[in-house]
Amino acid sequence: MNIPKVKPIIVLAACLFVITLLIPTLLVLPFTEDQATGKLGERLKEKEVPADQTVTSSGPQVDITVFRMKKKETITLPLEEYLVGVVASEMPREFEKEALKAQALAARTYIVNQMLNDNKSELPGGAVVTDTIDHQVYKDEAELRVAFKSDYDWAIKKIREAVNETSGQIITYNDAPIDASFFSTSNGYTENSEAIWLTPLPYLKSVESPWDLQSPKFGGQEVFTIAEFEEKLGVKLPNDSTIGKITERTAGKRVGTVEINGKVIKGRDIRENLKLKSTDFTWERKGDKIIIHTKGYGHGVGMSQYGANGMAEEGKNYKDIITYYYQDVEITAADSILTKVLAKK
């Protein structure tokens, strides 16, 4: 059978026609795929960070020099690693993560402010802080493993996440890091800074803290003989059954001043000399004993840790907690201030 020959010009025309129809489709398909599941999906995947991966601050990398009091040695370690050891030491690991994040932010702000402070105490090896309550309690990995026992793995993961999720942030007032003081448990109110440290700070003012009433550290009791009481306070009690009269209360509902047999003593001095848990106290005299009952645990200035956890249990986040306990502050990026810290070295 004879097959008629197709002229080349007709084949060429047909090919051009098919290509003309396909070009719009070829152009549209890649764009549609990118919008639906292609490059957009890849970009989202790029933002995912494995749960066990340590996230570090993108800002200046700063090292902290700490004097270990018991070991009598100075160590240097990265800021964020130091904070893991501080948060793990200063706040119960069972607390809500948002409370731990508030603690991490307060601890980071405290140490940054300390590094900027020209009047800091002279410590061996050029250390900025000790590892005790005189500054912030710090424990290293070996010490935390002993303290946490079988809880170590889950606890340190949770604490590290709290530090990582606030990385690069500090608390500021008028563009400067605040004195981010914190304590365990209030008596239901925090305290004005001037009631404890004489210096009034506008962001450290008394606020209600009702969550603390559920703290296991809320109540306390101390017993002294009359002789011990008189010696520690440098007073002589009256011959009757009385002890002293409270002559002033603070903004935080604590004892401001007491008059004992004609001598006026500040509440904070009584707490310090008698090693009381709080300056909110009552006392009674029974025979040759003085029995003192306290409410709260700590100086009462700044953030209450048990209050922070109570707020977190009610659904508040770490920013809510911080801006409640520290008035009129901002949570800001630490980059520019950390640059100043590096410049001072």
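Every read-out reported here was derived from the displayed coordinates using simple, explicitly stated rules and does not represent laboratory data. Remember, predicted model here, so these are calculated numbers, not experimental data. Heads up, the Cβs are rebuilt from the backbone with ideal geometry, glycines too, and the neighbour counts pull from every protein chain shown.
Starting from the Cα gyration tensor of segment 55-117, take the square roots of the eigenvalues, sort them a ≥ b ≥ c, and report rounded, prolate or oblate (rounded when a/c is under 1.5, otherwise prolate if a/b is larger than b/c, else oblate).
Taking the square roots of the gyration eigenvalues as a ≥ b ≥ c, segment 55-117 is oblate.
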Q.
Quick check: pseudo-label points 7 Å beyond the Cα along Cα→Cβ at Leu198 and Asn239, how many nm apart are they?
A. 3.8 nm
Q | Kirkwood Rh in Å, taken over segment 184-301 so that all alpha-carbon pairs contribute | A | 14.6 Å
Q: Could you go through segment 321-333 in sequence order and give the Karplus-derived ³J(HN,Hα) for each residue, using 6.51 cos²θ - 1.76 cosθ + 1.60 with θ = phi - 60°, rounded to whole Hz, and x for Gly and Pro?
A: 5, 4, 6, 7, 7, 10, 7, 6, 9, 10, 9, 10, 5
**Q.** Per-residue HN-Hα couplings for segment 103-111 [Karplus 6.51, -1.76, 1.60; θ = phi - 60°; Hz; x = Gly/Pro]
**A.** 5, 4, 5, 5, 5, 5, 5, 4, 6
Q) For segment 114-236, what Kirkwood radius comes out of the mean inverse Cα-Cα distance, in Å? A) 18.9 Å
Q. For Ala343 and Trp154 in one chain, what is 0.36 nm times their gap in residues minus the Cα-Cα distance, to one decimal in nm?
A. 64.3 nm
Q) From the residues Thr130, Ala104, Asn192, which one has its Cα farthest along the dipole of segment 101-217 in the positive direction, the dipole being from +1 and -1 charges on Cβ of Lys/Arg and Asp/Glu about the Cα centre? A) Ala104
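In segment 101-154, what GluC sites (Glu not before Pro) fall in a loop by DSSP, with at most 10 other Cβ atoms inside 10 Å? Mind dumping the intermediate values first?
Details: sites: Glu122, Glu141, Glu143; in loops: Glu122.
Qualifying residues, ordered by number: Glu122.
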Q | Whole-angstrom gap from segment 57-102 to segment 229-250, using each part's C-alpha centre | A | 42 Å
